[in-house]
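Worksheet: the structure to be examined is printed underneath.
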Amino acid sequence: MKVKRYIGHTAQEAMQKVKDEMGKDALILSTRKIRQKGITGWFKRPLIEVVAAADESSEGNFTPRRIVPANATNYASPVRQDDTSKVLEKLEAQISNMGEILNKLTSGFKTMENHAGPGIKREYVPYYEMLVKNEVNEGIAKDIIEKAGLIHERSSVDFERCLKRVLMEHIGPSRPLEVSPGSRKVVVFVGPTGVGKTTSLAKLAAIFSIQKQMKVGLITADTYRIAAVDQLKIYAEIMEIPLSILYSPREMLAALEEHRDKDVIFVDTAGKSIRDRAQEKEILELISLSKADEVYLVLSCNTSYSGCLNIIKSYSFLPDYKLLFTKMDEASNYGVILNCRYISGKPLSYIATGQSVPDDIEVADPNKLLSCIMKRVEV
């Protein structure tokens, strides 16, 4: 048995080399894509490596089988017929195997082309892959790369600077809460269950109460979960901030009257299921009755792209809101922030980086986010 490695630019080329040297009876042991050598090899189409084996008696470089004349003696013909049948069966199996391999290779190339993004220039592909590895949605990454490419082609600025410019446009400036003493603001927190709404609310309440020395009031409408009320009660007691509990949206006006002397009032709501229409009406009623100045949609950095899409669609009934991200310390990549900004078009406000109150929350810094996305993968 002779085993040999063949390399070609395409699967067909590699298979032809096998056929020419080892004959049609060669067994295909393995196939794989390999990168070409050198730095430039990363930008070139992969080569195809095929490892094949054949009996030395059946290889193309050895003595070929003797063709038996039609008038040969009868005693040998049954053996020759059996041999011919076996060879034909073997050839059929090999052809079938080669067909499967070619289908897999073709499918693999299509996957690579789709991953690289149709229409993306070869020199931009590493940057596209950088974004995708940071969990930026492929369609969003392609749009960003194409916009950066247009700027690059119309100016003398290098592509990476153009890419940073487009990314900064998509991240956008942050819009944190601004409160002027004497002009009361009502801030409502909404979002799915378990993303950290109550903890984030407590962090901001501590910042405005302790650090900024403002009068703060708390209202919770999250009476679906006893633990949520208890958690906010503990925070309120520690910070010595008054807390009102609502059991229906109609109690909002009385609660606001209790906090009429406050500079800022933070309102906690129950986590909403993406299909719960009744809760939509309740949230809208709370926002309307409170005459909310600002609404924060709280999202976790661990949310998948499809999850972000579903959440943002489910909160499309909101007239306006800002994005507040939690659990950034648990996230491996920050593409989710870019995805949500792109899908919603809403501004960033704060990013929470842990459970500590009030330390683990900060105003979203576009430059820091850009740095996190760009440095994750070396281009």
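The values are calculated or read from the model by the stated rules, or taken from the named source; none is laboratory data. What you see is a predicted model, and the numbers here were worked out from it, not measured in a lab. Here the Cβ positions follow ideal geometry from the backbone for every residue, glycine too, while neighbour counts run over all protein chains shown. Surface areas here come from the heavy atoms of the whole protein model, side chains and all, with no ligands, DNA or RNA. Shrake-Rupley method; radii C 1.70, N 1.55, O 1.52, S 1.80 Å.
Could you pull out the residue among Ser344, Ser371, Ser332 that is among the polar types (S, T, N, Q) and surrounded by 14 or more Cβ atoms within 10 Å (Cβ to Cβ)? Write out each step before concluding.
On the way: Ser371 fails: surrounded by 14 or more Cβ atoms within 10 Å (Cβ to Cβ); Ser332 fails: surrounded by 14 or more Cβ atoms within 10 Å (Cβ to Cβ).
None of the others qualify; the one that does is Ser344.
Listed residues Leu218, Leu201; which is crowded, with 24+ Cβ neighbours inside 10 Å and part of a helix (DSSP H, G or I)? Quick ask: steps written out before the conclusion?
Working: Leu218 fails: part of a helix (DSSP H, G or I).
Going through Leu218, Leu201 in turn, just one is crowded, with 24+ Cβ neighbours inside 10 Å and part of a helix (DSSP H, G or I): Leu201.
If the condition is being under 18 Å from His259 (Cβ atoms) and outside any helix (DSSP H, G or I), then the range 224-241 contributes Glu240, Ile241.
Cβ-Cβ below 7 Å, separation at least six or inter-chain, first residue in the range 110-134 and within 16 Å of Val166 (Cβ to Cβ), second modelled with pLDDT of 70 or more and open to solvent by 70 Å² or more (accessible area, probe 1.4 Å): which pairs? Between residues of the range 110-134 that are within 16 Å of Val166 (Cβ to Cβ) and residues that are modelled with pLDDT of 70 or more and open to solvent by 70 Å² or more (accessible area, probe 1.4 Å), the close pairs are Gly117/Glu138; Val132/Glu138. Just a yes or no: is a residue in the range 306-326 closer than 21 Å to Asn134 by Cα and in a loop (DSSP other than H, G, I, E, B)? No, the range 306-326 contains no residue that is closer than 21 Å to Asn134 by Cα and in a loop (DSSP other than H, G, I, E, B). Tally up the residues in the range 302-324 that are buried (at least 18 other Cβ atoms within 10 Å of the Cβ), out of contact with any Gly (no Cβ under 9 Å at 6 or more places or on another chain) and either within 19 Å of Ile144 (Cβ to Cβ) or of a type in the set (Asp, Glu) (or both), please. Counting residues in the range 302-324 that are buried (at least 18 other Cβ atoms within 10 Å of the Cβ), out of contact with any Gly (no Cβ under 9 Å at 6 or more places or on another chain) and either within 19 Å of Ile144 (Cβ to Cβ) or of a type in the set (Asp, Glu) (or both) gives 3.
For the range 333-358, a tally of residues being over 22 Å from Glu169 (Cβ atoms) and in contact (Cβ under 8 Å) with a residue 40 or more places away in the chain returns 4.
When the range 268-279 is limited to residues that are out of contact with any Phe, Trp or Tyr (no Cβ under 7 Å at 6 or more places or on another chain) and outside any loop (DSSP other than H, G, I, E, B), the one that is nearest to Thr198 (Cα to Cα) turns out to be Gln279. Output yes when any residue across the range 210-228 is at pLDDT below 90 and of a type in the set (D, E, K, R), and no when none is. Yes, because at least one residue in the range 210-228 is at pLDDT below 90 and of a type in the set (D, E, K, R).
Restricting attention to the range 222-255, the residues being of a type outside the set (Val, Ile, Thr), touching a strand residue (DSSP E or B) at 6+ places or on another chain (Cβ under 7 Å) and closer than 19 Å to Ala292 by Cα number 6.
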